[in-house]
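Following: one structure in C-alpha cells, then a few remarks.
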Amino acid sequence: MFWHVGIPNFGDDINPDFFERISGKRIRLTRRRDRLHFLGIGSILAKATGASTVLGSGFLVPSDSTPTMPRAVVALRGALSRAALSSADDTLLGDPLALADRLIARPARRRGIAYVPHCRNAERAKRLFADSIAVIDPRRPPLDVIADIAASEAVISQSLHGLIVADAFGVPNLWAAPHDGMKGRFKFDDYFSTLDRPKEAHAETAELMARPPMAAFSVGRFLHDKDRLAEALAQASVEGPRQ
C-alpha cells in the first residue's frame, strides 16, 4: 500500500492500522507505484498510476491536466475527486476514516473542547492556544489521536481528518480555516460533498479558541452507506490490488 510519509500526521499514519483491522492482513508501505498496489487514506490520488487500486483516496487540489487513471477504484473520498477523475457516477464515496467509530469504541470519559491543528501548525498552536484550549497534537500515534477526538465534548479542527473523525463519533465540531501551506479547501469540500451540509470555515484566532461560538458547532451526517463502504474496503484489502 502507498500512503504519504512525511511529517507525522495521524490521517496518513493511520493507514496500516486501519486496513489491518478491517482485513486481518499485514499492510506494508511500498514506494514502488509501478507495481500493483493500493492507494490508501489521504490526498494522494494525484500519485495514482496504472497499477493503483484506490481505497478512498482523494485529490489535494484540482488538476490542470488529465489525471492518470488508476487500474481500479474501490472508493473515492468525495464527489469532487470523482468528477476530477471522471469516474463512474456509481463509484462508492467516502473517506475511510468516516468509519473511525468502527476502529475503537468512544471513550466513556469526556474531556472539554479540544483543538486539532494541521500537523505543520501543531507547535505554533500549542504555543499560542494551549492556555485557552486542549490542543490535540496530530503528530502523535494515530489511534491515540482518534481516541482523544472521540473523548472530546466538542472539537475545533484545522485538520481534515480531525473533522472526519469527529463526525464519525458524533462529536460536535467546527472547522478552523486552512493556513496558506495547506493548498486551499478542495480536499475539505470533497469530504463535505459526502455530508448532509458543508461546514463553514472560521479564522484560527485566539478569540475562537478562548470563546468558541458553540452555536456554530455541528455534526455532519454521512449520506452514503457505511456498511457498504466498510465491506468494499475490507473485501478489496483481503483480495489484494486488482490484477
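So, in region 188-227, how many residues would count as being without any contact (Cβ under 8 Å) to a residue 24 or more places away in the chain and under 20 Å from Y115 (Cα atoms)?
5
Just to be sure I understand, how many residues within region 35-52 are farther than 26 Å from D17 by Cβ and either in contact with a strand residue (DSSP E or B) (Cβ under 6 Å, 6 or more places away or on another chain) or modelled with pLDDT under 95 (or both)? Write out each step before concluding.
Of the residues in region 35-52, the ones farther than 26 Å from D17 by Cβ are 50.
Checking the rest, the ones that are also either in contact with a strand residue (DSSP E or B) (Cβ under 6 Å, 6 or more places away or on another chain) or modelled with pLDDT under 95 (or both) come to none.
Adding up the residues that qualify gives 0.
How many residues are in contact with a strand residue (DSSP E or B) (Cβ under 6 Å, 6 or more places away or on another chain), more than 19 Å from M182 (Cα to Cα) and surrounded by fewer than 18 Cβ atoms within 10 Å (Cβ to Cβ) when one looks only at region 97-150?
Of the residues in that region, 4 qualify.
Out of region 53-109, which residues are in a loop (DSSP other than H, G, I, E, B), without any contact (Cβ under 8 Å) to a residue 60 or more places away in the chain and over 24 Å from F18 (Cα atoms)?
First, the residues of region 53-109 that are in a loop (DSSP other than H, G, I, E, B): 56-71, 77-78, 86-92, 94-95, 103-109.
Pick out the ones that are also without any contact (Cβ under 8 Å) to a residue 60 or more places away in the chain and you get 57, 63-70, 86-91, 104-105, 107-109.
Across region 53-109, the qualifying residues are S63, D64, S65, T66, P67, T68, M69, S86, S87, A88, D89, D90.
D196 is checked against (1) touching a Ser or Thr at 6+ places or on another chain (Cβ under 8 Å); (2) in the same structural domain as I113 (by TED's automatic domain parsing); (3) more than 30 Å from S132 (Cβ to Cβ) and fails just one. What number does that condition carry?
Only one criterion in (1) touching a Ser or Thr at 6+ places or on another chain (Cβ under 8 Å); (2) in the same structural domain as I113 (by TED's automatic domain parsing); (3) more than 30 Å from S132 (Cβ to Cβ) is unmet by D196, namely (1).
For T66, indicate whether it is at pLDDT 95 or above, more than 18 Å from S193 (Cα to Cα), of a type in the set (S, T, N, Q) and surrounded by fewer than 23 Cβ atoms within 10 Å (Cβ to Cβ). It would help to see each step written out before you state the result.
Numbers: at pLDDT 95 or above: no; more than 18 Å from S193 (Cα to Cα): yes; of a type in the set (S, T, N, Q): yes; surrounded by fewer than 23 Cβ atoms within 10 Å (Cβ to Cβ): yes.
No.
The values are calculated or read from the model by the stated rules, or taken from the named source; none is laboratory data. Computed from a predicted structure; not experimentally measured. Here the Cβ is made from the backbone with ideal geometry for all residues, glycine too, and neighbour counts use every protein chain on show.
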